[in-house]
Amino acid sequence: MMRVGNGEPGTGGAVAPIQRMVAIVVVLAALLIVAFVPYLRSPLPVPGSPRPGVAPITLPPFPALPDSTGWGVPVLSVSRDPAGTLWVGTYGQGIFRLKAGAKAWEQIRHDTTGTSISWDFVHAFAFGPRGEVWYGTVGNGWGLSRDDGATWTNWTFSQLGPEWQYVAPDGIVTRGDSTWVATADGLQLTVDDGAHWTAFGDRSGPPARGPADTALALLGNEYVRRIGFDRQGVVIATLRGTERVRYGVAGWTSEPVGAGQVAFRPRNRVLIDGALWAGTACGLRPVSDTLPCLRGLARGADVPRAPRTTWFLRPIDRADNPYIDQTYRYGSTMGGNFQQHQGVEFNNPDGTRVLAIARGRVVYAGRAEQGALTVAIRHDSTVTGPGGLLRIYSVYYHNSALRVKLGQQVAAGQEIAEVGNSGRATNDHMHLEVQAVPGDDAAHVVDSLERFPPYTTNPELWIEPLPGTGLVAGQVLDASGQPIPQARVYGLVKLEPAETPFVYAETYGEHAHPHPLYNENFAVGDVPPGTYTIGVEIAGRKVLRRVTVEPGLLTWVVFRP
């Protein structure tokens, strides 16, 4: 008889596998004990502490910012004063302040009193030698508190006029008694907490004073985007390069500074307990945290496609500031603060050349609403929408000078005007409208009595995107399929232009109109390529979508509950 195993007759075939299984279990148990000996010999890890092979988790050394929207607090500037208080400037939520040792943030907002901050869109702070606190805003000047933020003295339109109101991001700096404010219209300097000012404009035109007693035409370019100090003076970055301003034997002078010779302090950053934190669209986060603000399961949108109409040119040369103001897009109300916008803005110094976006004939050249110097062009291009043939017009407002006459034929890219602030304007800029009009009647294209022209469309769907960028457009609909007005679309990331920061897009209200070939109710151009999770709130519920952006193409997305 063949011997099969060492057990009793009839069972020997099952014993060997059992022994092997027992041996395997013993070996595995030994390996697990060896693996966990370091943890058994050590105390349990404290939350946030590093473990072998695991990246450390950075817990904030401060309470979370109060989030009233559910989408995070958009932080435009964060700074720490000499007493250790954290100051956070936000997009639309004013200032948050956390004193050293405090357990909760204090919120400082604009109100109807004369001593509140002037505007809830804050992106600059600076601190003086006697406890002064300075802040700067996106579009409504700056202010100063001498009593630890209890009351504020502000410089806004009443003091500044139709210039100086756009402070650069982190655009206020102090050294001793000197306070410098960098704006899109030049520099303002005070050495006595705002009792007197000296203005520094560019050399190309008469200097605007604003609140200043003295104005100097000194700068190579007045559109200031960065400011800081070096050992020799104040250093600024403008649209035309970097300059140094200083006082010497010959008085105030300005000189160019070579590229790479100046290192500006990183914007919107603060060092807390040895770690660097950054302001983002969804709060304060460690600079090492590069994850997007919106994450989660999201249905994919359409693939990027070619646009349905040929691109027109941009109305501002790329050597100037070709960016669209991101805070007041077509159809936007800037979070409910303004009327629905009928066009888009190009913020530039006065005198900047305005260019025709396409070939056509001038049908208006003169003063329009509130005296704004205006040019309107009927283009040779047409488009056929659901209602029939439409003529395309472009309109250019707020100019300082006109370079064309009524009836004149113009070419694409031809200079037709110069940027200014004529009419109802709060800064130097050009307001562009693109209108799709039935027939050849231009009577409603420029009408000084009409606040909401009936044929405006979103210019971002007509003019070419900036090189290397694409567009996102689509619809936000309710359960019945109707467009939702003034809904906020979050999640796209556009870092430039930083002086007019992008936080969210708004859907159109009743005074805005869709492109005749898209029927969209929001559109955002000049979006860097990449894949984004974007979201909107519909009937109290967040709805997310995943979009991919490619250069020169348009990505279509629809939100439904």
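Nothing in this text is a laboratory measurement; each read-out follows from the coordinates by a stated rule. Everything numeric here is computed off the predicted structure, so don't read it as measured data. Cβ coordinates were reconstructed from backbone atoms using ideal geometry, including for glycine residues, and neighbour counts include every protein chain displayed.
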Checklist entry - To the nearest 10 degrees, how steep is helix 12-40 against the longest Cα principal axis of the chain, on a 0 to 90 scale? => result 50
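Among His431, His444, which comes first, then next, by fewest other beta-carbon atoms within 10 Å? Let's see the in-between values first.
Numbers: His431 23, His444 13.
Listed from fewest to most nearby Cβ atoms, that is His444, His431.
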Item to check | Residue-wise HN-Hα coupling along segment 517-530, computed from phi with Karplus coefficients 6.51, -1.76, 1.60 (Hz; x: Gly, Pro) | outcome: 9, 10, 6, 7, 10, 7, 7, 9, x, 6, 8, x, x, x
Checklist entry - Roughly how many nanometres apart are two label points built 7 Å out from the Cα toward the Cβ at Arg109 and Ser448? => result 3.9
Checklist entry - Per q in 0.16 1/Å, what log10 I(q)/I(0) does a Debye calculation on the alpha-carbon atoms of segment 299-559 return? => result -1.22
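Using 0.36 nm times the number of residues separating Glu510 and Arg308, minus their current alpha carbon distance, what extension gain do you get?
Details: separation 202, 0.36 × 202 = 72.72 nm, distance 2.42 nm.
Answer, rounded to one decimal: 70.3 nm.
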Checklist entry - What is the set of long-range amide H partners of Leu76 at a cut-off below 5 Å, with H atoms built 1.01 Å from backbone N? => result Gly89, Thr90, Tyr91
Checklist outcome for this item: Calc'd 3J(HN,Hα), segment 542-547, phi into Karplus 6.51 cos²θ - 1.76 cosθ + 1.60 (θ = phi - 60°), Hz, glycine/Pro = x, comes to 7, 10, 10, 9, 10, 10
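For segment 324-400, just say rounded, prolate or oblate: build the C-alpha gyration tensor, square-root its eigenvalues into a ≥ b ≥ c, call rounded for a/c under 1.5, and beyond that prolate if a/b exceeds b/c, oblate if not. Working shown, then result.
On the way: a/c = 1.92, a/b = 1.19, b/c = 1.62.
Cα axes put segment 324-400 in the oblate bin.
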Item to check | Model label zone, Leu517; criterion: amide N under 20 Å from point 7 Å along Cα-to-beta-carbon; scope segment 347-388 | outcome: 357-360, 378-388
Next on the checklist: Between Gln408 and Arg246, what is the label-point separation in nm under the 7 Å Cα-to-beta-carbon projection?
Outcome noted: 4.5
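Helix-only estimate, please: 222 nm mean residue ellipticity of the chain, summing -39500 (n - 2.57) across DSSP H runs of length 4 or more and dividing by its residues, to the nearest 500.
Numbers: 2 runs with 33 residues, N = 561.
Mean residue ellipticity, 222 nm, calculated: -2000 deg cm²/dmol.
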Checklist outcome for this item: Residues meeting the amide H criterion for Phe559 (H placed from the backbone, H to H distance under 5 Å, 5 or more places apart or on another chain) are Gln475, Val476, Leu477
Item to check | Residues whose placed amide H lies under 5 Å from that of Gly161, excluding near-sequence neighbours | outcome: none
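Ranking Phe502, Phe125 by Cβ neighbours within 10 Å, fewest first, what do you get?
Phe125, Phe502
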Item to check | Label zone at Glu369 (point 7 Å along Cα-to-Cβ), backbone N below 14 Å, segment 380-400 | outcome: 395-399
Checklist entry - Between Lys542 and Arg203, what FRET efficiency comes out of the Förster formula 1/(1 + (r/R0)^6) with R0 = 60 Å and r the beta carbon distance, rounded to 0.05? => result 0.70
Item to check | Charge context of Arg546, other residues only, Cβ under 13 angstrom, K/R +1, D/E -1 | outcome: +2
Checklist entry - Across segment 467-484, in residue order, what do the Karplus-derived ³J(HN,Hα) couplings come to in whole Hz, using 6.51 cos²θ - 1.76 cosθ + 1.60 with θ = phi - 60° and x for Gly and Pro? => result x, x, 10, x, 10, 10, 9, x, 9, 10, 10, 7, 5, 8, x, 8, x, 9
Checklist outcome for this item: Listing Leu492, Leu406 by rising number of other beta-carbon atoms within 10 angstrom, fewest first, gives Leu406, Leu492
Checklist entry - (i) 245; (ii) 287; (iii) 194: which one is volume of the Cα convex hull per residue in Å³ as calculated from this entry? => result (i)
Next on the checklist: Taking the Cα centre as origin and putting +1 on Lys and Arg beta-carbons and -1 on Asp and Glu beta-carbons, what dipole magnitude results for the chain, to the nearest 20 debye?
Outcome noted: 1860
